[in-house]
Amino acid sequence: QQQVRQSPQSLTVWEGETAILNCSYEDSTFNYFPWYQQFPGEGPALLISISSVSDKKEDGRFTIFFNKREKKLSLHITDSQPGDSATYFCAASAAGGNNKLTFGQGTVLSVIP
Amino acid sequence: DPKIIQKPKYLVAVTGSEKILICEQYLGHNAMYWYRQSAKKPLEFMFSYSYQKLMDNQTASSRFQPQSSKKNHLDLQITALKPDDSATYFCASSQTSQNTLYFGAGTRLSVL
């Protein structure tokens, strides 16, 4: 059973729009949720992260909204730019997890100029 | 300049052979990891090392053996290769096992 699920699988938005990427998880021991951005031919790079004690984390145009009760989170990318076109992975780990991250399948974002 | 170097970038192997994937990090980190990304599965954790000691192993098969000859090296030896081993293997590192994870660019392995 997949522990971390992402939707949609792919998303296309126009430049300047807000892209919303969704993530849900099963394991209630998960308490750290990083989002990674991956461009073709490169490794994933940390974009933004949140811990379960917060319900919102903002970093420039990127915001995570977290709902612990529903075990859901979302990544909002405002004023989307063509350079944001990439695959975005939601991941999760438990306390003391030693960076053993459980990843979702990813959302492929395309931003059309 | 990339701070986590993985070699080779692409690797083609025949079924039953053995290969070694190389990883070196120049971030001064104390923890290193291997993750695998295949077409059919999400990116998945394989191993974690801290100060050159194995911390966690989520790989069921003994065909996968990490090798840490130096603090900033964590190679991955794969024996008796199978087509199902075809995937991109990512090396990663972090300052400690509780800090941000940084990934290399990966080695894409194809087993024929």
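Give me Rg/Rg_expected for region A:1-58, where Rg uses Cα atoms only and Rg_expected = 2.2 N^0.38 Å with N residues.
On the way: Rg = 13.3 Å, N = 58, 2.2 N^0.38 = 10.3 Å.
Relative to the rule-of-thumb radius for its length, region A:1-58 sits at 1.29.
Which semi-axis lengths, in whole Å and largest first, follow from the square roots of five times the eigenvalues of the Cα gyration tensor of region B:48-95?
Numbers: eigenvalues 87, 25, 21 Å².
For region B:48-95, the ellipsoid semi-axes come out as 21, 11, 10 Å.
May I ask what percent, to the nearest 5, of DSSP beta bridges between residues of region B:1-111 are antiparallel? Mind dumping the intermediate values first?
On the way: 34 of 38 bridges.
Once the DSSP bridges in region B:1-111 are tallied, antiparallel ones form about 90 percent.
For chain B, what's the relative contact order in percent, using C-alpha pairs closer than 8 Å and at least 6 residues apart? If you can, show how the numbers build up before the last one.
On the way: 277 pairs, mean separation 41.4, N = 112.
Computed over chain B, the figure is 37 percent.
If you filter region B:51-90 for chymotrypsin sites (Phe, Trp or Tyr not before Pro), then keep DSSP loop positions with at most 13 other Cβ within 10 Å, what is left?
Numbers: sites: B:TYR51, B:PHE64, B:TYR89, B:PHE90; in loops: B:TYR51.
Passing sites in region B:51-90 are B:TYR51.
Spin-label point model (7 Å from Cα, Cβ direction): what's the B:LYS71 to B:ALA105 distance in nm?
2.7
In nanometres, what is the gap between the two model label sites at A:SER110 and B:THR96, each 7 Å from Cα along Cα-to-Cβ?
4.5
Counting only Cα atoms, I'd like the Rg/Rh figure for the protein assembly as shown, Kirkwood definition for Rh. List each step's numbers first, then the result.
On the way: Rg = 17.6 Å, Rh = 18.1 Å.
Radius of gyration over Kirkwood radius for the protein assembly as shown works out to 0.97.
For a distance above 17 Å, tell me the whole-number percent of Cα pairs in chain B that qualify.
On the way: 3058 of 6216 pairs.
That tail contains 49 percent of the Cα-Cα pairs.
To the nearest 100 Å², how much accessible surface do chains A and B cover up together, summed over both, with a 1.4 Å probe?
Details: alone 6260 and 6300 Å², together 11020 Å².
The buried area between A and B, both sides summed, comes to about 1500 Å².
Return the FRET efficiency for the residue pair B:TYR10, A:GLU26: r is the Cβ-Cβ distance, R0 is 25 Å, and the value is rounded to the nearest 0.05. Numbers along the way, then the final one.
Numbers: r = 35 Å, r/R0 = 1.40.
With a Förster radius of 25 Å, E is 0.10.
Debye sum, Cα scatterers, chain A, no solvent: what log₁₀ I/I(0) at q = 0.19 1/Å?
Those come out to -0.94, one per q.
Are any of the pairs B:LYS40/B:LYS82; A:LYS100/B:LYS41; B:LYS3/B:LYS41; B:LYS7/B:LYS70; B:LYS19/B:LYS82; B:LYS3/B:LYS71 more than 20 Å apart by Cα-Cα distance, and if so, which?
Working: B:LYS40/B:LYS82 15 Å; A:LYS100/B:LYS41 16 Å; B:LYS3/B:LYS41 27 Å; B:LYS7/B:LYS70 16 Å; B:LYS19/B:LYS82 11 Å; B:LYS3/B:LYS71 14 Å.
Checking Cα-Cα distances, B:LYS3/B:LYS41 exceed 20 Å.
Find the relative contact order for region B:15-56 and round it to a whole percent, using C-alpha pairs within less than 8 Å whose residues are 6+ positions apart. If you can, show how the numbers build up before the last one.
Working: 39 pairs, mean separation 12.4, N = 42.
For region B:15-56, the relative contact order is 30 percent.
The values are calculated or read from the model by the stated rules, or taken from the named source; none is laboratory data. Being a predicted model, the structure only gives us computed values, none of them experimental. Because the Cβ atoms are built from the backbone with ideal geometry, glycine has one as well, and the counts that use them run over all protein chains shown. To get the accessible areas, we keep the full protein, side chains included, count just its heavy atoms, and leave off ligands, DNA and RNA. Shrake-Rupley method; radii C 1.70, N 1.55, O 1.52, S 1.80 Å.
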